[in-house]
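Below is one structure, written out as structure tokens; the observations come after it.
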Amino acid sequence: QVQLVESGGGLVQPGGSLTLSCAISGSGFSIYLNKWFRQPLGKQRDLVAFISSNGSPNYVDSVKGRFTVTRDNVNNTLYLQMNNLEPEDTGVYYCNVDLIFKPDMNRKDYWGRGIQVTVSS
């Protein structure tokens, strides 16, 4: 059974850094897409960054130059390196993956439970 577990969140001062991890448990799959979303309190969940099916990283404008999304295909772990954090980056961060399962090549979507990131002095 596939599970996603995020870690690395917490409280950080403006200008600080955090690295979020998302460990994917299970077997028999390959990662097709992976995305990171952010949901501030009382607001909608929005896409922050993703790695496309061709392996290219993509970012929303508000995090370009500050966030880096990477993926370890051997250990099935996703990362979101966040630098120069701003109070506006505060929220619950979710990892989301599209996995392709062998041998039928079925594609399924999974979400982590989310992890809190608070940027405050």
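The values are calculated or read from the model by the stated rules, or taken from the named source; none is laboratory data. What you are looking at is a predicted structure, and each value in this text was computed from that prediction instead of being measured. Positions of Cβ are backbone-derived with ideal geometry, glycine not excepted, and every protein chain shown enters the neighbour counts. Side chains included, ligands, DNA and RNA excluded: accessible areas come from the protein's heavy atoms. Shrake-Rupley method; radii C 1.70, N 1.55, O 1.52, S 1.80 Å.
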Original post:
From the set of residues in segment 22-48 that are among the aromatic types (Phe, Trp, Tyr) and in contact (Cβ under 8 Å) with a residue 60 or more places away in the chain, which is farthest from ASN75 (Cα to Cα)?
Top reply: TRP36
Subject >> Residue among VAL5, VAL69 that is open to solvent by 60 Å² or more (accessible area, probe 1.4 Å) and hydrophobic (A, V, I, L, M, F, W, C) >> reply: VAL5
Original post:
Take the residues of segment 8-44 that are aliphatic (A, V, I, L, M), open to solvent by 30 Å² or more (accessible area, probe 1.4 Å) and over 17 Å from the mean Cα position of the chain (by Cα): which is farthest from PHE67 (Cα to Cα)?
Top reply: LEU41
Original post:
When you go through SER17, SER21, SER52, SER56 one by one, which is the residue that is farther than 19 Å from PHE101 by Cα and modelled with pLDDT under 95?
Top reply: SER56
**OP:** Could you tell me whether VAL97 is farther than 14 Å from THR19 by Cα and among the aliphatic types (A, V, I, L, M)?
**Re:** yes
Original post:
Is there a residue in segment 65-84 that is free of Cβ contacts under 8 Å to residues at least 40 places away in the same chain, over 23 Å from GLN3 (Cα atoms) and over 15 Å from the mean Cα position of the chain (by Cα)?
Top reply: yes
Original post:
Does LEU47 satisfy the criteria of being of a type in the set (A, V, I, L, M) and open to solvent by less than 30 Å² (accessible area, probe 1.4 Å)?
Top reply: no
Original post:
Which of the residues spanning segment 54-63 are open to solvent by 60 Å² or more (accessible area, probe 1.4 Å) and under 15 Å from the mean Cα position of the chain (by Cα)?
Top reply: PRO57
Original post:
What number of residues within segment 85-111 are basic (Lys, Arg) and surrounded by fewer than 12 Cβ atoms within 10 Å (Cβ to Cβ)?
Top reply: 1
